[in-house]
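All remarks here apply to the structure that follows.
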Amino acid sequence: MVSCGLQHNLGITNNSINRDRKRSWAKASLAISQGRSAPNDDSDSRLGRIVRLLMENATVVVSGTKLAAEISSNRSEVWRLIQQLRGLGMDVTGHPATGYQLRSMPDLLLPEVLKPLLRGTIFAEHIRHFYKIGSTNAEAMQAAAEGAPEGSVFLAEEQTAGRGRGANAWHSQRSTGIYCSVVLRPRLPPSEILVLALAAGLAVHAAILEIDSRLSSSLDLKWPNDVLIGGKKVCGILTEMNAEPTRVRYIVVGIGINVNQSTFPAELEPLATSLRLASGSEWSRVELTAALLKSLHREYEQLIVQPGTRDSILLRFAKYSSWVQGKEVRIEDNGAPLEGITAGLDERGFLRLRTTSGMQTVLSGTVRERKVSS
Ligand code: BTN
């Protein structure tokens, strides 16, 4: 019982493999910053450039030739990519002979759109966007091992193997949720990382309320870092780390937010909700992603720079959570389940539980409310 959803990866790495991996990340970053496509990322970056050009010329028709020049290809390739964008829900009129026009702004989490909104944060410079990926956390962990800098952001429209805490999967339907992973390289011992994970939950909480403060009475945090609305999960956070016993090499904070889903698979229906279902209207994923990353930047900066922030994180988490104090719960982990009444957080962020055999500290597991029969 050590992990608290923090998947420790104390793996011994082979330095020569690491060197090669570092070089390949450097090459990919260079290609992106020069507007070229990165290895294995070809289609994504060309789609992004077409969208950017259409957005910059939103009121006019852009010729197929101009778009083809932008991606150093031909008009039939542009047509193929436009069809792909339409398949992703983008409203583009026209065809190869007439040129193309964007009819409405797409709510896609493109680096070109997010970068200006994130100026001044650590997340503005290395944003990678995928239309479809296995898991942004897996991609970010791999990139971090290859030397991806602090603040690298990985966003996907759809995940085919979204990872949740424990052995759970994360339902990642296309372009309805936010699937976001960030690489951080905090100078903290591994024991401090739980506080950072709690801070990520606070960042999500703040971002949601920044956009719709009406949700404040129904928004809740469940230890260690689920965000709930009306008792149902609207956001899950998976923090994975690579560390030595006394030093964190890097961590990846993966955040999944249910934004515009109007239904869920039957098995999730009783457990999950979305911001759209809770608020009654559609949300801009771009606006929420920007608010989230700005708020995560603030929490992270404070934690790293200002001593004493840790206490404020624990206090704020307890303030916004109905779970950390006085709740009858059952904790399920690999071993025997633990039952009791929650009794606050200890100074490292672990959950304290009053049980029939005394006070216990919960290091990990899934917390569920225990219905006590009267
Ligand atoms: C949980 O089980 O509550 C955590 C879910 C975390 C899901 C997010 S979606 C973005 C990132 N990529 C993943 O594969 N998982 C995390």
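The values are calculated or read from the model by the stated rules, or taken from the named source; none is laboratory data. Because the structure is a prediction, the values reported are computed rather than measured. Please note: Cβ atoms are built from the backbone with ideal geometry, for glycine as well, and neighbour counts cover all protein chains shown. Ligands, DNA and RNA are stripped out before the accessible areas are found, and what is left, the full protein with its side chains, is counted by its heavy atoms. Shrake-Rupley method; radii C 1.70, N 1.55, O 1.52, S 1.80 Å.
Tabulated data for the structure shown
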| read-out | value |
| --- | --- |
| All-pairs alpha carbon distance profile, region 66-146, 10 Å steps from 0, percent | 15, 35, 34, 16, 1 |
| Loop-located trypsin sites (Lys or Arg not before Pro) in region 290-374, at most 11 other Cβ atoms within 10 Å (DSSP) | 371 |
| Accessible surface of region 119-179, 1.4 Å probe, proportion on carbon and sulfur as whole % | 46 percent |
| Estimated 222 nm signal from helices in the chain, with DSSP H stretches of n ≥ 4 weighted -39500 (n - 2.57), rounded to 500 | -11000 deg cm²/dmol |
| Normalised convex hull volume, the chain, alpha-carbon set, Å³ per residue | 147 Å³ |
| Inter-centroid distance (Cα atoms) of region 79-115 relative to region 163-214, Å | 29 Å |
| Residue-wise HN-Hα coupling along region 222-231, computed from phi with Karplus coefficients 6.51, -1.76, 1.60 (Hz; x: Gly, Pro) | 10, 4, x, 7, 8, 10, 10, 10, x, x |
| Alpha-carbon gyration tensor eigenvalues x 5, square-rooted, for region 211-347, Å | 25, 22, 16 |
| Accessible surface, region 275-374, averaged per residue in Å² (probe 1.4 Å) | 53 Å² |
| Accessible-area composition of region 229-285, carbon plus sulfur, in percent [1.4 Å probe] | 53 percent |
| Under 13 Å, Cβ to Cβ, from residue 277 - net charge with Lys/Arg +1 and Asp/Glu -1 | 0 |
| Among beta bridges that DSSP assigns inside region 95-213, antiparallel share in %, nearest 5 | 55 percent |
| Hz values of 3J(HN,Hα) by residue in region 235-241 - Karplus curve (6.51, -1.76, 1.60), Gly and Pro given as x | 8, x, 10, 10, 9, 10, 9 |
| Environment charge of residue 228, counting only residues whose C-beta is closer than 9 Å and scoring Lys/Arg +1, Asp/Glu -1 | +1 |
| Under 19 Å from the Cα of residue 232 - aspartates and glutamates, other chains or at least 8 residues apart | 212, 220, 267, 269, 282, 328, 332, 369 |
| Inter-label distance for residue 93 and residue 318, nm, one decimal - labels placed 7 Å from Cα along Cα-to-Cβ | 6.0 nm |
| Given 66/115; 319/371; 66/294; 294/327; 294/371; 132/319, the pairs whose alpha carbons are separated by over 27 Å | 66/294; 294/327; 294/371; 132/319 |
| In region 142-202, trypsin sites (Lys or Arg not before Pro) in a DSSP loop with at most 13 other beta-carbon atoms within 10 Å | 187 |
| Region 250-327: GluC sites (Glu not before Pro) in DSSP loop, at most 14 other beta carbons within 10 Å | 267, 282 |
